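Okay, so here's the structure we're looking at.
Each value in this text was obtained by applying a stated rule to the coordinates, not by laboratory testing. A quick note: this is a predicted structure, and the numbers were derived from the prediction, not measured. Positions of Cβ are generated from backbone atoms using ideal geometry, with glycine treated the same way; all protein chains shown enter the neighbour counts.
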Amino acid sequence: MSTRPEETESKENAEFRRDVRAWMAANKPAHPGFKLPQSFLEVESERQFEFLRAWQRKVYDAGYLGLDWPAEYGGKGDPLKRQRIVSQELNRAGAPFLVNVIGLQWAGPTILAFGTEEQKKRHLQPILSCEEIWCQGFSEPGAGSDLASLTATAEPTADGWLVTGHKVWTTLAHVAKWMILLARTDQAAHKYAGISYFLFPMDAPGVTVQPLVKMTGEGGFNQVIFDQAPMPKSALLGQLGQGWQIAMTTLTFERGAAEGTGGGQATPSESSIRAVVDLAQRVRREGRFAAEDPVIRDRLVQLWIQEEGLRLTGQRARVAGLNMDDRPLATRLMNKLVYSELGQNLTEFACEVLGPDAALWLGDPCAPDKAEWPRAYMNSFGVTIGGGTSEVQRNIIGERVLGLPKTK
């Protein structure tokens, strides 16, 4: 039998968890009556965005965001590192995700690691309170998996920089105030050494945001075109030419290989094995419930084992003595790869359980669970691509972490 986190934690943390759970039960918002995005990758309409922004602000006002961040930057300076408990209880409650995911989990921790005192005081508190939304300007049409081949440039001027180029798959760009931006600042340098990292203001002139519609018909992704868009000297994060190093730090947070984020969860709690089991217990196939089929039951058990193994691996990654000293990031870097693929496998299997009904789409009154399962399956591909495709993740783990020879 597995051990849940609350069964082994200290009395103080257990009390904190009970407080958070009670608050979630009393404050979790009711469904607003319109279609909600399944993750931060699908936020498209203003009413979706404002609903989610109000929820994050409520969680922040309750004191449940930024627990690990210093108090002077809007956090709580919590020495017990209890932000993880809040995230677990958000998932347990089936609460809406926190919309400023990129700010909370990628931009904020990176600013904490490399920012000046002025940058930390300017940016971190508005991230937590959801006053200012962040997006990520890394990928380009010709530089995704090979990110170091990016061609967007930042040319120096007397007052700062002029950015020219094209970014793509830019989630939340249509509502973002700021962008973490990689741009080339030295054309003659080695491709890794000629990149710098900027905190770019999205309201600058010369910026065009164009939506990209996914196969579900939803927006959320965008492409961003810069035509000599200005940014001040203070936009530079870290040192000139240090962009690749800083970007790797951001990706370490994005891939779940480091702690210290502002909080929240980026993926829906509904796509869990418990939800798929519930579906199988309700759907009838050939005159009986799907859960009575021994083949389906076996698949459910296998997926349950995978999900439980991933949960326990997450606990193991936080115990220094259970990690390899020579490869400290091995367990953590597996998290994004395994979690994203498990989510895809769960939603694909849910569609198998539905059978022909999986072909029914949003708005069809006969669609089981309002067609959220086929929608979740199609949306799952964004998770296995974003933050580095599964193929790239396997190369990183194999070559850079385990020291295996490069594939050809």
Legend entry - Extended-chain gain in nm, criterion 0.36 nm per residue less alpha-carbon gap, residue 352 and residue 304: 15.6 nm
Inset, instruction - Describe numerically, in nm with one decimal, the distance between label points set 7 Å from Cα along Cα→Cβ at residue 274 and at residue 295. - result: 2.9
Legend entry - With Cα atoms, 0 to 90° folded angle of helix 46-61 axis to the chain main axis: 90
Inset, instruction - State the label only: which of [x] 20.4, 69; [y] 32.2, 117; [z] 21.7, 75 corresponds to Rg and Dmax of the Cα atoms in Å computed from the shown model? - result: [z]
Inset, instruction - Treat region 134-240 as a sphere of radius equal to its Kirkwood radius over Cα pairs and apply Stokes-Einstein at 25 °C in a medium of 0.890 mPa s; give the translational diffusion coefficient in µm²/s, rounded to a whole number. - result: 177
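Which order results if 369, 68 are arranged by neighbouring Cβ count within 10 Å, fewest first?
Lowest to highest Cβ neighbour count: 369, 68.
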Inset, instruction - Please work out the FRET efficiency for the pair residue 210 and residue 381, using the Cβ-Cβ distance as r and a Förster radius of 25 Å; give the result to the nearest 0.05. - result: 0.75
Legend entry - Taking 42, 308 and counting other C-beta atoms within 10 Å, the order from fewest to most: 308, 42
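I need the shape label for region 5-129. Rule: rounded when a/c is under 1.5, else prolate if a/b > b/c, else oblate, with a, b, c from the alpha carbon gyration tensor.
oblate
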Inset, instruction - Kindly state, to the nearest 0.05, the FRET efficiency for residue 30 paired with residue 188, given R0 = 51 Å and r defined as their beta-carbon distance. - result: 0.30
Inset, instruction - Would you calculate the separation in nanometres between label points at residue 286 and residue 228, each defined as 7 Å from the Cα along the Cα-to-beta-carbon direction? - result: 7.0
Inset, instruction - Over 28 Å between C-alpha atoms is what I'm after, so list which of 28/167; 35/177; 11/76 land there. - result: 28/167
Inset, instruction - Could you list 251, 402 in order of exposure, starting from the residue whose Cβ has the fewest other Cβ atoms within 10 Å? - result: 402, 251
Legend entry - DSSP-defined beta bridges in the chain - what % are antiparallel, rounded to 5: 85
Legend entry - Those trypsin sites (Lys or Arg not before Pro) in region 106-138 that DSSP places in a loop and that have at most 13 other beta carbons within 10 Å: none
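Count charges around residue 370 for me, please; just the other residues with Cβ under 9 Å from its Cβ, Lys/Arg as +1, Asp/Glu as -1. Can you show the working numbers first?
Values: positive: 35, 375; negative: 364, 369, 372.
Here the charged neighbours net out to -1.
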Legend entry - Ordering of 185-192, 32-39, 101-108, 383-390 by burial proxy (mean other Cβ atoms within 10 Å per residue, highest first): 101-108, 383-390, 32-39, 185-192
Inset, instruction - May I ask for the angle, rounded to the nearest 10°, between helix 294-317 and the longest principal axis of the chain, with both axes built from Cα atoms and the value confined to 0 to 90°? - result: 40
Inset, instruction - Have a look at 250, 116, 261 and tell me which one the Gaussian network model of the chain (Cα, springs below 10 Å) gives the largest fluctuation. - result: 116
Inset, instruction - Mind ranking 175-181, 346-352 by how tightly packed they are, going by the mean number of other C-beta atoms within 10 angstrom, highest first? - result: 175-181, 346-352
Legend entry - Estimated 222 nm signal from helices in the chain, with DSSP H stretches of n ≥ 4 weighted -39500 (n - 2.57), rounded to 500: -12500 deg cm²/dmol
Inset, instruction - Within 10 Å, count the other beta carbons around each residue, average over each peptide in 226-232, 331-337, 75-81, and list them highest first. - result: 331-337, 226-232, 75-81
Inset, instruction - Determine the dipole magnitude for the chain: charges of +1 sit on the beta-carbon of Lys and Arg, -1 on that of Asp and Glu, nothing else is charged, the reference point is the Cα centre, and the result goes in debye to the nearest 20. - result: 520
Inset, instruction - Note down the nm distance, to one decimal, between modelled labels 7 Å out along Cα→Cβ at residue 10 and at residue 312. - result: 2.6
